[in-house]
Amino acid sequence: MTRTVNIGLIGAGTVGGGVVQALKRNGALMASRLGVRLRVTRVAVRSLRKKRDFKVPQSALTTDWREVVNDPKVDLVVELIGGTTTAKDVVLAALRAGKPVVTANKALLAFHGEKLFAAAEKSGANLYYEASVAGGVPIIKVIREALVGNRVTHLYGILNGTCNFILTKMNEGMEFDAAVKLAQQQGYAEADPTLDVGGYDAAHKVGILASLAHGFWVKPKQVYTEGIEQVAPLDLEFADSLGYAIKLLGIVKTSKPGPVQVSMYPALIPDDHVLANVSDVYNGILVRGDVVGDTLHYGQGAGRDATASAVLSDIGDAVLDLKHGSTDRLKAFIPHESNGAVRPIEETTSCYYLRLSVLDRPGVLAKVSAVLAKNKIGISSVIQPEGHEGSSVPLILMLHYAKNAAMQKALKEIRKLSAVKAKPVMIRVENFA
Ligand code: NDP
Ligand code: HSE
């Protein structure tokens, strides 16, 4: 073993600290597998005074990321600070200096992927991002490498560990705010947790997967996004009694050549479906290829060690590329679909769960049904649970397949009915057809 690759780490918080610890634990094993020694040579952090649960020599630490990127000894830069501003400068500076970059930063890729890939292409250094989607689940490798011989027709993914953890805890009776706090304490949440609960983080991830699967870069604004804030404990209860679980579900699907649905919203999924049983911080992704059929990928979707494992996978790839002098064995992203387009949400079709808060008096259901019928939306079942007292009571309707545009129109009309006392809660139902 003659070669050593020196790693410059920018950011040593939850994930970065995990990378240092994991390299300490398994660095020798990786070296024997890769034939290259790995050494964390420089580390940039925000505060030199913060207590850390790993050791690096004091001389390796700095608060100036440029010192790390520009250090001639640093061969490989690992960006783990998050955000889309400084992180972008870090990645561009490293690539322009001809140094390969590993990042876990899905927001950065979602917003600036095309610019970063162009910089990588120009510099001849590569950009690796396994940890950006689904924590420890090697889903990027699966789509880019293992399924290279398939057209991905459908992809369904539970892609945000924090939201899945929160929904699981709410199902167990915990309040939403307490569950968010716990996710933060466990190191699962983003620095700004509204990125998680608002569905944005998961939308960035599903955009990355859709881009890789369909060969054109999907921008964040093209991903129809809803978060989990509107999901109430009542909905989890009703869904359960109807035989469903509620999950924040990413969908990438196309039934024929043409626009691709790329969305992230909470969905009712049948509780005998394998994804219904993906709980806590775990992520699960079902990928349907036209050759392979259904494949399932499961593992911890956030957290220190799981994410560190994905970063190590990229470090392994980067190190082998450095060792063999191959910068384009697997480029960061290769566009291969010039006509690629995203299907607007209005044109997509699904079934629906609708929870209304209505006056408890005769004739209300008939009025709601009339609006739905006018919009050509069929009702498959109705529940008016007993035991709810007060000026308004819940009315639950399960609706047949309809275009989202029709559903949105019906919702507006239903909201105007005098018997409907609050904004209707509509959650789509996914049957994985
Ligand atoms: P943390 O907030 O725990 O860590 C961020 C680190 O970056 C800290 O060490 C911080 O320094 C350092 N830092 C921030 N700004 C600067 C700066 N300008 N210069 C130098 N250092 C800086 O974040 P995470 O580890 O949780 O997340 C890092 C990235 O990984 C994000 O992109 C996130 O989306 C992604 N990710 C996170 C996962 C998770 O489970 N947490 C899973 C998958 C991806 P200091 O320690 O001094 O404050
Ligand atoms: N906040 C993210 C999540 C981290 O909870 O999934 C992993 O990307």
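How much length would be gained if the chain were fully extended between Ser392 and Asp64, taking 0.36 nm per residue of separation minus their Cα-Cα distance, in nm to one decimal?
112.2 nm
Shape verdict for segment 80-194, please, from the Cα gyration tensor: rounded (a/c under 1.5), prolate (a/b greater than b/c) or oblate. Before the final figure, lay out each step's value.
Numbers: a/c = 3.17, a/b = 1.54, b/c = 2.05.
It is oblate, given that a/c is not under 1.5 and a/b is not larger than b/c.
Got a sec? What order do Phe111, Phe216 fall in by accessible area at 1.4 Å, biggest, i.e. largest, first? Don't skip to the end; give the middle numbers.
Numbers: Phe111 120, Phe216 25 Å².
Ranked from most to least accessible, the order is Phe111, Phe216.
Take the chain, connect every pair of alpha-carbon atoms lying under 10 Å apart with a spring to form a Gaussian network, then pick out the residue of Asn160, Asn150, Asn283 with the largest mean-square fluctuation.
Of Asn160, Asn150, Asn283, the Gaussian network model singles out Asn150 as fluctuating most.
Output the pairs from Lys24/Lys122; Lys221/Lys253; Lys367/Lys421; Lys247/Lys416; Lys367/Lys409 with a Cα-Cα distance over 25 Å in this structure; if there are none, say none.
On the way: Lys24/Lys122 34 Å; Lys221/Lys253 17 Å; Lys367/Lys421 14 Å; Lys247/Lys416 29 Å; Lys367/Lys409 15 Å.
Long pairs (Cα-Cα over 25 Å): Lys24/Lys122; Lys247/Lys416.
Using only the Cα atoms, work out Rg/Rh for the chain, with Rh taken as the Kirkwood radius, to two decimals.
Taking Rg over the Kirkwood Rh, I get 1.03.
Go through Gly113, Asn70, Asn26 and say which Cα lies farthest out towards the positive end of the charge dipole of the chain; charges sit on Cβ, +1 for Lys and Arg, -1 for Asp and Glu.
My answer, from the dipole projection, is Asn70.
Suppose we keep just the DSSP beta bridges with both residues in the chain; what percent of those would be antiparallel, to 5?
70 percent
With springs connecting C-alpha atoms under 10 Å apart, model the chain as a Gaussian network and identify which of Ala104, Ala203, Ala118 has the largest mean-square fluctuation.
So, out of Ala104, Ala203, Ala118, the one fluctuating most is Ala118.
What's the longest piece of the chain with no exposed GluC sites (Glu not before Pro), counting a site as exposed if DSSP puts it in a loop and it has at most 10 other beta carbons within 10 Å? If you can, show how the numbers build up before the last one.
On the way: sites that count: Glu172, Glu386, Glu389.
Here the longest segment lacking exposed loop sites spans 173-385.
Starting at the first residue of segment 145-154, write each ³J(HN,Hα) from the Karplus equation 6.51 cos²θ - 1.76 cosθ + 1.60 with θ = phi - 60°, in whole Hz, x for Gly and Pro.
10, 5, 9, 4, x, 10, 8, 7, 8, 9
Taking the Cβ-Cβ separation of Ala178 and Asp53 as r and a Förster radius of 30 Å, what is the calculated FRET efficiency to the nearest 0.05?
It comes to 0.75.
So how strong a dipole does the chain carry about its Cα centre when Lys and Arg Cβ are +1 and Asp and Glu Cβ are -1, to the nearest 20 debye?
In debye, rounded to 20, the chain gives about 1080.
How far is helix 86-96 tilted off the main Cα axis of the chain, in degrees rounded to 10, range 0 to 90?
Its long axis makes an angle of about 50 degrees.
Specify the angular offset, from 0 to 90 degrees and rounded to the nearest 10, of the alpha carbon long axis of helix 200-214 from the longest principal axis of the alpha carbons in the chain.
80 degrees
Name the residues whose placed amide hydrogens come within less than 5 Å of the amide hydrogen of Glu226, ignoring near sequence neighbours (fewer than 5 apart) on the same chain.
Met264, Tyr265
Any idea what the dipole of segment 139-299 comes to, in debye rounded to 20, about its Cα centre with Lys/Arg Cβ at +1 and Asp/Glu Cβ at -1?
It comes to approximately 940 debye.
Which shape class, rounded, prolate or oblate, goes with segment 238-322 when its Cα gyration tensor gives a ≥ b ≥ c as root eigenvalues, a/c under 1.5 marks rounded, and past that a/b bigger than b/c marks prolate?
Note, shape of segment 238-322 comes out oblate.
Using θ = phi - 60° and the Karplus form 6.51 cos²θ - 1.76 cosθ + 1.60, what ³J(HN,Hα) does each residue of segment 37-49 get, whole Hz, x for Gly and Pro?
In residue order, the calculated couplings are 7, 10, 9, 7, 8, 9, 9, 9, 9, 7, 10, 7, 8 Hz.
For Thr86, put the label point 7 Å out on the Cα→Cβ axis and report which residues of segment 37-80 keep their amide N under 16 Å from it.
Taking a point 7 Å out along Cα→Cβ of Thr86, the residues of segment 37-80 whose backbone N falls under 16 Å are 43-51, 61-70, 78-80.
Given axes a ≥ b ≥ c from the Cα gyration tensor, I'd like to know whether segment 346-429 is rounded (a/c under 1.5), prolate (a/b larger than b/c) or oblate.
Working: a/c = 1.97, a/b = 1.68, b/c = 1.17.
It is prolate, given that a/c is not under 1.5 and a/b is the larger ratio.
From zero up to wherever the largest Cα-Cα distance of segment 139-299 sits, split into 10 Å bins and tell me the percent of pairs in each.
All Cα pairs considered, the percentages come to 11, 41, 34, 13, 1.
What nm value, rounded to one decimal, do you get for the distance between Val274 and Leu330 when each label is placed 7 Å out toward the C-beta?
2.1 nm
Per DSSP H run of n ≥ 4, the term is -39500 (n - 2.57); total these for the chain, divide by its residue number, and report the mean residue ellipticity at 222 nm rounded to 500 deg cm²/dmol. Mind showing how you got there, number by number?
Numbers: 12 runs with 150 residues, N = 433.
Per the formula, -11000 deg cm²/dmol.
With just the Cα atoms defining each centre, how far is segment 87-122 from segment 282-311? Give it in Å.
Cα centroid to Cα centroid, the span is 23 Å.
Kindly list the residues of segment 371-401 that lie in the label zone of Gln408, defined by a backbone N under 20 Å from the point 7 Å along the Cα-to-C-beta vector.
Backbone N within reach: 371-378, 399-401.
I'd like to compare 270-278, 391-399: which one has the highest average count of other Cβ atoms within 10 Å, and what's the full order after that?
Highest mean packing first, the order is 391-399, 270-278.
Please list 3J(HN,Hα) in residue order for segment 316-327, calculated via the Karplus relation 6.51 cos²θ - 1.76 cosθ + 1.60 where θ = phi - 60°; whole Hz, with x for glycine and proline.
x, 5, 5, 5, 5, 5, 5, 4, 9, x, 9, 9
Please build a GNM for the chain, connecting alpha carbons under 10 Å apart, and tell me which residue among Gly157, Gly136, Gly258 fluctuates the most.
Maximum fluctuation in the GNM of the chain, among the listed residues, is at Gly258.
In whole angstrom, note down how far apart the Cα centers of segment 202-274 and segment 336-409 are.
Segment 202-274 and segment 336-409 have Cα centres spaced 18 Å from each other.
Check which residues have an amide H placed less than 5 Å from Glu190's amide H, if you skip close sequence neighbours.
Those lying under 5 Å, H to H, from Glu190 are Asp196.
The values are calculated or read from the model by the stated rules, or taken from the named source; none is laboratory data. Quick caveat, the model's predicted, so the values are computed rather than measured. For neighbour counting, all protein chains shown are included, and Cβ atoms are generated from backbone atoms with ideal geometry for every residue, glycine included. Keep in mind that these areas ignore ligands, DNA and RNA; they rest on the heavy atoms of the full protein, side chains included. Shrake-Rupley method; radii C 1.70, N 1.55, O 1.52, S 1.80 Å.
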